[in-house]
Amino acid sequence: MGDTVNIFVRSIFIDNMIFAYFLGMCSYIAVSKSVKVSAGLGVAVVFMLLITVPVNYLLNRYVLSSGALAWVSADLEGVDLSFLSFIVFIAVIASIVQIVEMVVERFAPALYSSLGIFLPLIAVNCAILGGSLFMQERGYQTLGEAAAFGLGSGVGWLLAIVGIAAIREKLAYSNVPAPLRGLGITFIITGLMGIAFMGFMGVKL
Amino acid sequence: MEKEPLFSAKNLKLLTDPLARVNPVTALVLGVCSALAVTVKLEPAVVMAISVTAVVAVSNVIMSALRSTIPNRIRIIVQLVVVSLLVILVDQILRAFAYSVSKQLSVFVGLIITNCIVMGRIEAFALGNKPLPAFIDGIGNGLGYGIILVTVSFFRELLGSGTLWGYRIIPSSFYVANGGVYENNGLVILPPMALILLGIIIWIQNYKNGRYS
């Protein structure tokens, strides 16, 4: 249990998707102009990571990784399908995005109208695929750990995008050198936020 | 239609425009995700740049060749399949011939699939143009991405480790440990500095191009 909590906290603050690995930067930069919109996208990312990482964990554990097919029959023990993981993961993500979009549209029209435009964008958000790939690379041991990692990474991403959006809203009133405006200053501020987040390094529960 | 030469002015423009003026990373904000994580050292950055260039160029050609046969509704799925197949190829090639670099790049090879440059160029260019211009456009954008990667990693490796491509540039006798006065800048190695360096590159580029309000 302690491990799971530790993974959760670590993935929010220390291994933050944005500040430590730059994942999901494209939408992070493009959408972070207002707090409201970026919170919507952030929630969508949390949601998708929470679903896709455990699903891909199960696929990785029972289908893709070396010797994973042993539960089907003993003959398949030597099979290693891990080279297929990229295409399987992205297919899972793209189809889950589709399913979630349909389910949300059917059962929660209010949520759909606020998340709606972001859901298709998310299929090609590096943070989502990155979550699954990190899960595979770091070899989380249980479904709970994978879910905690997914949730934590999502929350970390949400935190980062809401933070930068709040700063950018204020930034509109400050006197930034003209060529630095927009993209340049956003990167530099993200870097400074990253340095601040490095203060969490070494925190353990 | 008249057959146009390989390096007509139009094709040349396709190749050179993404290098500086409409650079995919700094002007269009595409593919930043992976651009920064692999820039601690020069070598993985160059390998990454070559991989992305190959994937963009080839996927552009394939999608451009298929563009009239794919129904519009399912084109994203088709693009994802084509791109992820190419990325699997790149990943397997790297594992076979450059294992240590492939270990350093870790998940970022896989993330080429969701690199917005690849999808962006397919959507914006390959689906509306012939295979040859699409190929040139892919090469140009891959190189434009590569230039940023190489510039950032050049500074990060030089200032952070005192080496370039693993070779020592700043003599070891300069270091404090050996009785000199020099210390590596540890901050440059850390992730946030990549963002700040990129911010500065964008600043200089905007200033030079006069593209600011």
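You will find that of A:Leu151, A:Leu111, A:Leu133, the residue that is away from chain B (no Cβ under 12 Å), crowded, with 17+ Cβ neighbours inside 10 Å and either out of contact with any Cys (no Cβ under 6 Å at 6 or more places or on another chain) or over 21 Å from A:Gly42 (Cα atoms) (or both) is A:Leu151 and no other.
Might you check whether a residue that is over 20 Å from A:Leu183 (Cβ atoms) and over 22 Å from the mean Cα position of the chain (by Cα) occurs anywhere in segment B:204-212?
The answer is no; no qualifying residue exists.
Candidates B:Ser64, B:Ser100, B:Ser84: the one that is part of a helix (DSSP H, G or I), buried (at least 20 other Cβ atoms within 10 Å of the Cβ) and away from every other protein chain (no Cβ under 12 Å) is B:Ser64. Got at least one residue in segment A:106-124 being over 25 Å from B:Gly120 (Cα atoms) and charged (D, E, K, R)? Within segment A:106-124 (the criterion being over 25 Å from B:Gly120 (Cα atoms) and charged (D, E, K, R)), the answer is yes, since at least one residue qualifies. Note on segment B:68-81: residues that are closer than 13 Å to B:Ala126 by Cα and either modelled with pLDDT of 85 or more or surrounded by fewer than 15 Cβ atoms within 10 Å (Cβ to Cβ) (or both) amount to 3. Scanning segment B:103-122 for residues that are assigned to a helix (DSSP H, G or I), more than 7 Å from chain A (Cβ to nearest Cβ) and hydrophobic (A, V, I, L, M, F, W, C) turns up B:Leu105, B:Phe108, B:Val109, B:Ile117, B:Val118, B:Ile122.
For the residues A:Ser65, A:Ser38, the requirement of being among the small types (Gly, Ala, Ser), at negative phi, buried (at least 18 other Cβ atoms within 10 Å of the Cβ) and within 25 Å of the chain's Cα centre (by Cα) singles out A:Ser38.
Note on segment B:123-145: residues that are closer than 21 Å to A:Ser27 by Cα and assigned to a helix (DSSP H, G or I) total 6. Of the residues making up segment A:21-38, those that are among the small types (Gly, Ala, Ser) and either facing chain B (nearest Cβ under 7 Å) or under 18 Å from B:Pro192 (Cβ atoms) (or both) number 3.
Filtered by the rule that a residue be under 13 Å from A:Ile87 (Cα atoms) and either within 10 Å of chain A (Cβ to nearest Cβ) or part of a loop (DSSP other than H, G, I, E, B) (or both), segment B:71-81 gives B:Ile77, B:Gln79, B:Leu80, B:Val81.
What tally of residues in segment B:189-213 results from selecting those that are part of a helix (DSSP H, G or I), farther than 26 Å from A:Gly199 by Cβ and not hydrophobic (A, V, I, L, M, F, W, C)?
Let us first name the residues in segment B:189-213 that are part of a helix (DSSP H, G or I), namely B:189, B:191-209.
Then keep just the ones that are farther than 26 Å from A:Gly199 by Cβ; that gives B:201-209.
Still in the running and not hydrophobic (A, V, I, L, M, F, W, C): B:205-209.
Residues that pass the stated criteria total 5.
Residues that are modelled with pLDDT under 80 and of a type in the set (D, E, K, R): which helices (runs of 4 or more DSSP H) entirely in segment A:72-149 hold 2 or more of them?
Values: elements: A:85-107, A:109-115, A:118-122, A:126-138.
By residue number, no helices (runs of 4 or more DSSP H) qualify.
Taken over segment A:164-181, residues that are more than 8 Å from chain B (Cβ to nearest Cβ) and either surrounded by fewer than 21 Cβ atoms within 10 Å (Cβ to Cβ) or more than 30 Å from A:Leu50 (Cα to Cα) (or both) amount to 11.
Taking the residues in segment A:188-197 that are crowded, with 18+ Cβ neighbours inside 10 Å and without any contact (Cβ under 8 Å) to a residue 12 or more places away in the chain as candidates, determine which candidate is nearest to B:Val29 (Cα to Cα). Please lay out each step first, then the result.
In the first step, residues of segment A:188-197 are kept if they are crowded, with 18+ Cβ neighbours inside 10 Å; the result is A:188-191, A:193-194, A:197.
Filter once more, keeping what is without any contact (Cβ under 8 Å) to a residue 12 or more places away in the chain: A:188, A:191.
Numbers: A:Ile188: 14, A:Gly191: 16 Å.
Taking the candidates together, the pick is A:Ile188.
Among the residues making up segment B:143-188, those that are of a type in the set (Gly, Ala, Ser) and more than 24 Å from A:Met198 (Cβ to Cβ) are B:Gly144, B:Gly146, B:Gly166, B:Ser172, B:Ser173, B:Ala177, B:Gly179, B:Gly180.
The values are calculated or read from the model by the stated rules, or taken from the named source; none is laboratory data. Model, not experiment: these values are computed from the prediction. Cβ: placed from backbone, ideal geometry, glycine included. Neighbour counts: every protein chain shown.
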